[in-house]
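Every read-out reported here was derived from the displayed coordinates using simple, explicitly stated rules and does not represent laboratory data. From a predicted model like this one, the values you see are computed outputs, not experimental measurements. Methodologically, a virtual Cβ is constructed for each residue, glycine included, from the backbone with ideal geometry; neighbour enumeration extends over all protein chains shown.
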Amino acid sequence: MAGMTHPFTARQRRIAAALLSILLAPLARGSAQPSLTVRMLRAEDLTLARSRLRAGDTLLAPAYARLVDNANTALTLGPWAVTDKKAIAPSGDKHDYMSFGPYWWPDTTKPNGLPYIRRDGQVNPGSRGAESNSPSFQTMAATVTTLALAYYFSGDDAFASRASMLLRTWFIAPDTRMNPNLRYGQAIPGVTDGRGIGLIDTRELSSIADDVGLLRASSSWTAADDRAMHDWAREFLRWMRTSPQGQEEANATNNHGSWYDVQVVALAYFVGDSVLAEETLRTSATRRIEQQILPDGRQPRELERTRSLSYSEFNIEALTRLAELARFSRIDLWHHAPAAGGGIAAALRYLAPYADTSRTWTAEQITPPDPLELLAPLRRAERGLRDATLHAALQRMPAAARTSHRSRLLYPNAP
């Protein structure tokens with residue numbers, strides 16, 4: 001789910017504006033970059049934001065300053081590799097990804113704790129330990145996105161060079177590359193050595209596909225890198241569609257199914273299989289919207305959870321990503337709904353009042369929700385729906401937090 005962002009004070013905004021001319025120096029020196037190949041992001045919005053930054057637009061300065069600050073930190077992080085974990089998958093191959101179900105705990109009534117038992121919404125710290133690849137994959141993906149965006153907006157090739165090295169380490173280099181499967185994802189000790197549910201671990205492959213599109217303008221990302229990344233993505237996509245675990249996840253009727261489709265569509269576009277992307281959008285994605293969202297906007301499968309607000313927002317993050325991806329097949333998922341009503345707009349309107357943190361969510365939510373979880377979906381909806389209710393909800397979110405949030409650069413015309 002989306003990370004927290006801290007608000008900028010008026011003084012910090014002035015400092016950011018004063019620093020803008022320094023931060024943008026690489027932009028002024030850089031030559032024109034080739035056209036972008038991004039799918040989930042909007043190339044025209046990225047181009048507009050960069051042009052406004054070059055022109056000295058101080059409205060975007062806090063978000064840009066924060067992005068560059070994060071990217072400078074990212075230059076010191078990693079690399080990470082699937083082979084780093086302190087255990088080996090049941091296959092005996094250290095290149096096989098392995099993780100554990102986060103909500104599964106030792107059964108204290110059993111001498112050896114097995115089989116593990118489920119406590120929904122309560123994360124077992126052991127599931128994120130050194131034996132799991134999940135924490136390092138999530139960190140790697142987030143770091144690559146930060147660096148790729150910073151490279152695009154700043155023109156500083158140091159960011160592209162680091163992002164390229166991180167991608168090579170995880171996906172390409174023979175000694176450290178991940179085998180293109182999640183056969184051992186989200187295992188449950190004493191129950192199973194891997195589940196279809198594990199595919200949720202790699203949901204940010206949808207962002208990585210766009211990151212590669214941003215990096216192609218840099219000499220640090222070579223044609224050989226690009227071919228190797230495409231080969232890996234093609235094999236992983238094949239595994240997703242043909243393996244028992246992939247088919248299990250494809251049949252999920254909650255956020256897991258939504259995120260499965262996000263990965264299939266994003267990777268299909270990435271490897272040039274627009275037929276598969278369109279087929280998934282026209283059949284599976286439309287069905288998910290119809291089945292998961294009630295006419296009043298409730299998402300019943302997410303409301304069953306002990307963190308029902310967080311999971312409702314998590315699923316709408318996936319569905320709004322799908323709606324943006326669908327533009328390339330000329331499919332309008334933003335307005336797709338059954339005759340009785342519902343659809344993405346209804347789900348967002350149901351959640352919109354809770355963008356105001358003073359409102360209390362009445363369903364079960366055992367952990368504090370992220371107050372900015374809805375920010376990116378609402379900004380996407382500003383482009384896709386142009387809905388007055390959602391626009392007003394956006395404006396009720398803290399102005400300073402909105403100004404410094406990274407999505408300000410991705411959707412520069414949204415409030």
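Please list, or write none, the lysines whose alpha carbon is within less than 27 Å of the alpha carbon of Lys110, excluding same-chain residues fewer than 8 places away. The reachable lysines, counting only those whose Cα sits under 27 Å from Lys110, are Lys86. Over the chain, DSSP H runs of length four or greater, each weighted -39,500 (n - 2.57), average out per residue to a 222 nm ellipticity of -15000 deg cm²/dmol. Each of the peptides 107-114, 50-57 was scored by the mean count of other Cβ atoms within 10 Å over its residues; in descending order, highest first, they stand as 50-57, 107-114. Note down the net charge around Ile172, summing +1 for each Lys or Arg and -1 for each Asp or Glu among other residues with Cβ under 13 Å from its Cβ. Once all neighbours under 13 Å are counted, the net charge is -2. With N the number of residues in the range 208-303, Rg(Cα) / (2.2 N^0.38 Å) evaluates to 1.27.
The Cβ shell under 15 Å around Tyr350 holds other residues with a net charge of -3, Lys and Arg each +1, Asp and Glu each -1. For the range 267-351, the Kirkwood hydrodynamic radius from C-alpha pairs, put into Stokes-Einstein at 4 °C and a viscosity of 1.567 mPa s, yields a diffusion coefficient of 99 µm² per second. Take the Cα radius of gyration of the chain and divide it by 2.2 N^0.38 Å, N being the number of residues; the result is 0.97. For the range 44-196, the calculated P(r) over all alpha carbon pairs, in 5 Å bins from 0 to the bin holding the longest distance, is 2, 9, 15, 15, 13, 12, 10, 9, 7, 4, 2, 1, 0, 0 percent. Between the alpha-carbon centres of the range 148-192 and the range 279-321 there is a gap of 28 Å. If you take every residue apart from Trp105 with its C-beta less than 14 Å away from the C-beta of Trp105, what net charge results, scoring Lys and Arg +1 and Asp and Glu -1? Once all neighbours under 14 Å are counted, the net charge is +2.
Length, then width, then depth: along the principal axes, the Cα atoms of the range 370-415 run 23, 19, 16 Å.
The range 266-414 gives an Rg/Rh value of 0.97, both radii derived from C-alpha positions and Rh following Kirkwood. Between the alpha-carbon centres of the range 243-268 and the range 35-60 there is a gap of 31 Å. Per the Kirkwood formula on distinct C-alpha pairs, the Rh of the range 149-290 is how many angstrom? When all Cα pairs of the range 149-290 are included, the Kirkwood radius is 16.1 Å. About its Cα centre, the dipole of the chain is roughly 900 debye, where the only charges are +1 on Lys and Arg Cβ and -1 on Asp and Glu Cβ.
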